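These notes are about the structure you will find just below.
The values are calculated or read from the model by the stated rules, or taken from the named source; none is laboratory data. Keep in mind that what you see is a predicted model, and the values were worked out from it rather than measured. Positions of Cβ are backbone-derived with ideal geometry, glycine not excepted, and every protein chain shown enters the neighbour counts. We work out accessible area using only protein heavy atoms, side chains counted, and drop any ligands, DNA or RNA first. Shrake-Rupley method; radii C 1.70, N 1.55, O 1.52, S 1.80 Å.
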Amino acid sequence: MSQYVSKRALNASDIRARKGGTPLVCLTAYTTPVAQIVDQECDVVLVGDSLGMVLHGLPSTLQVTLEMMILHGQAVFRGLNRALMVVDMPFGSYEESPQQAFRNAARIMTETGAGAVKLEGGRDMAETIRFLVDRGIPVMAHVGLTPQSVNTLGGYRAQGMGSAAEAVCADAKATAEAGAFSIVLEKMPADLADLITSEVSIPTIGIGGSVGCDG
């Protein structure tokens, strides 16, 4: 048996423990063949709701359903041996209440084999993150440009510019304090991403953030 096959799958605690250490590698996958390829190099594989635009030709992530996320999560899981699989919670599946979020997150976890879920939002989602974590569901947070809020953000624009930086930083800190094990920082100034990375106790994953992020 090869050394690769014998490796234990990573979990959320493993990822959290990598804060400030060797940079994490996180990529997105939507299918089994791609999952098999990236698993050899990744610590985290995200089944992103971007699959709506990338694979299904939808105009945004807002039309992605829970059933779509579960279907692709099942496909990706079949291709993984080592990496932690994180599945996005789609628009409308968690915002109503912590209880709604738990029901849908539990369904994702049980039906896909995911090791964690990801949801968008900062201070407004802190209560929901805490509710999920307290009930055994690891959560990856996501602040900055949050595509599910594209209509209220005025488009796919960089966030945290100028005086708005303080609010984004507060959002990130709130998710960490609520118990998230890591946080995605999307489309924000590099100096803001660096500041957040230095001030939160959990790993940051930069998507158009900064090379100074933890992954």
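Summary table below
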| read-out | value |
| --- | --- |
| Three-way shape call for the stretch 76-157 based on the alpha-carbon gyration tensor, with the a/c threshold at 1.5 | oblate |
| Sulfur and carbon atoms: percent of accessible area, the stretch 113-209 [1.4 Å] | 51 percent |
| For the stretch 191-215 versus the stretch 129-159, the gap between their alpha-carbon centres in whole angstrom | 15 Å |
| Relative contact order (%) - criterion: Cα under 8 Å, at least six apart; region: the chain | 18 percent |
| For the chain, built as a Gaussian network whose Cα springs stay under 10 Å, the top-fluctuating residue of 37, 108, 137 | 37 |
| Once the Cα gyration tensor of the stretch 160-215 is diagonalised, semi-axes √(5λ) in Å | 16, 13, 8 |
| Computed E for residue 167/residue 99 - FRET, C-beta separation, R0 30 angstrom, nearest 0.05 | 0.65 |
| Tail weight of P(r) past 23 Å, computed on alpha-carbon pairs of the stretch 5-103, percent | 32 percent |
| Local electrostatic count at residue 146 - Lys and Arg +1, Asp and Glu -1, tallied over other residues with Cβ under 15 Å | -3 |
| Nearby aspartates and glutamates by direct alpha-carbon distance to residue 187 (threshold 19 angstrom, same-chain neighbours under 8 apart not counted) | 49, 88, 120, 166, 171, 199, 214 |
| Antiparallel DSSP beta bridges within the stretch 1-149, percent to nearest 5 | 10 percent |
| Whole-Å semi-axes of the ellipsoid equivalent to the stretch 106-215 (Cα gyration tensor, √5λ, descending) | 23, 15, 13 |
| Size of electric dipole in the stretch 76-140: Cβ of Lys, Arg +1 and of Asp, Glu -1, about Cα centre, debye, nearest 20 | 320 debye |
| Candidate residues 194, 49: accessible-area rank, largest first, probe 1.4 Å | 194, 49 |
| Magnitude of the charge dipole, the chain, Cβ model with Lys/Arg +1 and Asp/Glu -1, debye to 20 | 520 debye |
| Average accessible surface area per residue within the chain, 1.4 Å rolling probe, Å² | 44 Å² |
| Local electrostatic count, residue 212, Cβ distance below 14 Å [Lys/Arg +1, Asp/Glu -1] | -3 |
| Convex hull projection area averaged over all views, the chain, Cα basis, nm² | 11.1 nm² |
| For the stretch 74-118 and the stretch 166-186, distance of Cα centres in Å | 19 Å |
| Three-way shape label, the stretch 48-114, alpha-carbon gyration tensor, a/c 1.5 | oblate |
